[in-house]
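The values are calculated or read from the model by the stated rules, or taken from the named source; none is laboratory data. Just so we're clear, the structure is a prediction, and the values are computed from it rather than from any experiment. In this analysis, Cβ positions are derived from the backbone assuming ideal geometry, glycine residues included, and neighbour counts consider all displayed protein chains.
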Amino acid sequence: MNLDFSQIVPSIPYILQGIAVTLKIVVFAALLGFVFGVILALMKIGGMKVLTWFADAYTSVFRGTPLVLQLVLIYFGIPQLTGFEIDAFPAAVIAFGLNSAAYVSEIIRAGILAVDKGQREAALALGVPYKLMMRDIILPQALKNILPALMNELITLTKESAVVTVIGAMDVMRRAYIVGGQVYRYIEPLLIAGCIYYVLVMLLTLLGKALEGRLRKSD
């Protein structure tokens, strides 16, 4: 198969250093996507047509265009439009976070609508304010139902984070490319990068199953 990892082994620690960059991007983007996703979901189920239209249009745009296009538009577009340079890390967090929010909003919306309407009617009949009802009654139940879908979105975000290499972020994939260019062998470092992403995904999968198990026991 003409594979030779002997030249790559000394560079494995260098590639592994990219895990920290990858995880930072994923964590911050996931938090941004979740918070904004909740806001968009509430807009979609609210009674204000303007907010509903905005949320639907936002979701349509970010789900209908490639993530890599959104990433490069933010990285190269913000300096062109504002005159302020933006580093690769914040550009990646913003792009991934905004993109993830579009998908998370649909997941949360579906979870909220799946909660028994009787609980909402009972809360309103008891005079519970809408914000408190959503925060303390509806959203906690919805999150239990949509946890698998949210974990799947987190896994997808982890894998898609590899595209930050196009803007020069020193993640796992970028470092694998650099090592490949140094030794003129690309398959071996890319296979190592693939193994790293696979391990990260498996760890997230196990975490998701553990959380699901705890939630079932708490019911």
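Annotations
- Some residue of region 157-167 being more than 13 Å from residue 25 (Cα to Cα), hydrophobic (A, V, I, L, M, F, W, C) and buried (at least 20 other Cβ atoms within 10 Å of the Cβ): yes
- Answer residue from region 110-146, given it is of a type in the set (Lys, Arg) and farther than 15 Å from residue 38 by Cα and is surrounded by the fewest Cβ atoms within 10 Å (Cβ to Cβ) among those: 117
- Residues in region 59-113 that are among the charged types (D, E, K, R) and part of a helix (DSSP H, G or I): 3 in all.
- Yes/no for residue 169 being in contact (Cβ under 8 Å) with a residue 24 or more places away in the chain and part of a helix (DSSP H, G or I): no
- So residue 89, is it modelled with pLDDT of 80 or more and over 25 Å from residue 60 (Cα atoms): yes
- Among the conditions (1) crowded, with 17+ Cβ neighbours inside 10 Å; (2) within 20 Å of residue 145 (Cβ to Cβ), the only one that residue 45 does not satisfy is (1).
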